[in-house]
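For reference, the structure discussed in these notes is given below.
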């Protein structure tokens, strides 16, 4: 039994079924699979891992909330033998997103067979930028500059009758689950604080550079909020609120993972091909190239699975570059291949007529990237789940705390969480 | 003791044992007894599989004291406990009071009252998820219908309801009341309909006013049913997850989380299901007395519905 992640668009599900059916034909093995929505799959998988009644394979877009803790608890099968033949072709980030620490064996190993990876770009209504008298090509390269430039659009657009429009879809939410944490991580990187957690799973809140980056991040975001260029409700946004608001043009830009924002509007030709612009972050605030965070998706095998060999065989089949590429292309590129050479060899990725794809592929594959911090240690996942960073923003905005105090409070709690997960 | 007395004593002891056995077997004999067991077995199996096993598994999952240490060290836990208490106490009592009043209104005769009843039931009949998500968007401070109506009618915007702990909590409680009020109104309406009309007629002959009839007939006869409904709904409200999760999402800054949503967050967002179960288990000291009181109230008594 394989549990597969439902895609955001129907094309992704069709592509997943195709891979499964092709494998059945090629191998002669029987594959009993079901496709289910991400949240349902998440809950079902956690329940299965807890009860021990597990499927043979789970295929997930972003398993970073499940694998770190369960690999740590020795509840997932090491798949290094499956990954080994393709290891040299995989992106460094995909490798880091697929290796996790096991406290029983006391070493890191592959617990995910990476197929896909995804990054977080800016999604901008280009027509609103122009309407406000600004120009897309004049958007600065540095991180803060992008926000500062685009926030200027709000006043002219409101004066043209868009009474409720806000410039920035800044997800400083405390509701979660992921958007606010993802945003904070990118602000940290842009401000030079990417070493808050290192690949050895260690937390560096005692590093003055990290603290300074966190303070700058919280200060910048809360200032944008206080200036009134961010919808006030952003503090309580759930995962879908920013997408819905952006699609309704209730704000002009959003910073959100993958191309789901654009692909959700693919049937609206004008919006998809002309109005929406996708922009990859370029530089950090110090002017050096900015590495954006990339998450990997793929298959993993829970311990106790009855057909481990078939599950591994299916993933070996899926990891073949040709199969991987065909699957992700059929999904319209919402996720890009974990093997970078594929996007260089296949013109689909960089020469397609879909305007959102080239900047996205450039960001997710060709530009330097970092893995999400969750892969380094389960403790980061818990810190995120407690929405420590969103809480810091709320402390400044709602409780009148100074950014430095809010950061120190969040760091204190983060230290407590990390102290319980000694690597 | 004579032989006869001894024989009688043995006979009494046999008869006593037989009577006890008879009572234990429900007065059934031979094949009847086997048939009774055969009919009961599926229900016993279902009860064991779907009631006893999940509860035992849950208790086992939440049995590690370290989980509670971890739980109590989380600053959000106490906030969630307080929110849960407010949610249950305010949500249930305000709703039941309204349901009681409305049941009196819907007790009236007239086709338009029946028509209104159909509309009134709709929130309860609507699936919970889309209903609560609609409320979430309805209350959106910037683009929600409520503030847009306020602006169109009066030229000002209302507050950002879900951006403040107390208004957010009030919205969650309000949504819960809105969703389940029709159900309890119907239950209390059924209770009112069960009150014998002769009593009202006799009171009318004695010259009792409407207030007297309410105070001396309706209220005493409905009191037990009302209390049972309150207790039952408290049990439901303690475990209610939908309203908070879909209306405020537990925000802002997780200040409106209740135990049910905090448990779900631990279980499925942090992937710590044992901690999630422990969160919900921590409500047992309140839940168990409620169930015991409820069971005691369900004993048959005279002069009560």
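Taking other C-beta atoms within 10 Å as the exposure proxy, B:136, A:393 rank B:136, A:393 from fewest upward. For the range A:10-44 versus the range A:400-423, the spacing of their alpha-carbon centroids is 41 Å. Each 10 Å bin from 0 upward holds the following percent of the Cα-Cα pairs of the range B:66-298: 7, 26, 30, 21, 12, 4, 0. In deg cm²/dmol, rounded to 500, what helix-only [θ] at 222 nm does chain A give when every DSSP H run of at least 4 residues adds -39500 (n - 2.57) and the total is split over its residues? Helix-only estimate at 222 nm: -12500 deg cm²/dmol.
Given the -39500 (n - 2.57) contribution per DSSP H run of 4+ residues, what per-residue ellipticity at 222 nm results for chain B, rounded to the nearest 500 deg cm²/dmol? Don't skip to the end; give the middle numbers.
Numbers: 15 runs with 217 residues, N = 305.
After summing the helix terms and dividing by residue count, I get -23000 deg cm²/dmol.
Springs join every pair of Cα atoms under 10 Å in this Gaussian network model of chain B, and among B:199, B:287, B:41 the largest mean-square fluctuation is at B:41. Send over the Kirkwood Rh of chain A, from the inverse of the averaged 1/r over different Cα pairs, rounded to one decimal Å. The Cα-based Kirkwood calculation yields 22.0 Å. Cβ crowding within 10 Å, taken as a proxy for footprinting-reagent exposure, orders B:50, B:107, B:100 from fewest neighbours to most as B:50, B:107, B:100. To the nearest ten degrees, helix A:308-318 and the longest principal axis of the Cα atoms of chain A are 60 degrees apart. So what's the angle, to the nearest 10 degrees on a 0 to 90 scale, between helix B:128-138 and the longest Cα principal axis of chain B? So the inclination is approximately 20 degrees. Per residue, the convex hull around the alpha carbon atoms of the protein assembly as shown comes to 252 Å³.
In this simple spin-label model, placing a label point 7 Å from the Cα along the Cα-to-Cβ direction at both residue B:287 and residue B:118 gives a separation of 3.9 nm.
Assuming R0 = 25 Å, can you tell me the calculated FRET efficiency for the pair residue B:198 and residue B:227, based on Cβ-Cβ distance, to the nearest 0.05?
0.50
Counting every other Cβ atom within 10 Å of each residue's Cβ, B:212, B:29 order from fewest to most as B:29, B:212.
A straight line joining the Cα centroids of the range B:51-119 and the range B:235-277 runs 13 Å.
Against chain B, whose longest principal axis comes from its Cα atoms, helix B:3-24 is set at around 30 degrees. Computed on the Cα atoms alone, the convex hull of the range A:279-423 gives a volume of 181 cubic angstrom per residue. Taking B:272, B:150, B:82 as the candidate residues, the one with maximal mean-square fluctuation in a Gaussian network model of chain B, Cα springs under 10 Å, is B:150. Taking B:239, B:91, B:144 as the candidate residues, the one with maximal mean-square fluctuation in a Gaussian network model of chain B, Cα springs under 10 Å, is B:144. For the range A:103-153 versus the range B:163-230, the spacing of their alpha-carbon centroids is 56 Å. Where q = 0.21, 0.31 Å⁻¹, what log10 of I(q)/I(0) comes from the Debye formula for the range A:168-223, counting one point per Cα? Values, matching the q order: -0.79, -1.21. Bridges between two residues of the protein assembly as shown, per DSSP, are antiparallel at a rate of about 65%.
None of the figures in this text is laboratory data; all of them are computed from the coordinates on show. Since the structure is predicted, the reported quantities are computational estimates derived from the model, not experimental observations. Don't worry about glycine lacking a Cβ; one is built from the backbone with ideal geometry, like all the others, and counts go over all protein chains shown.
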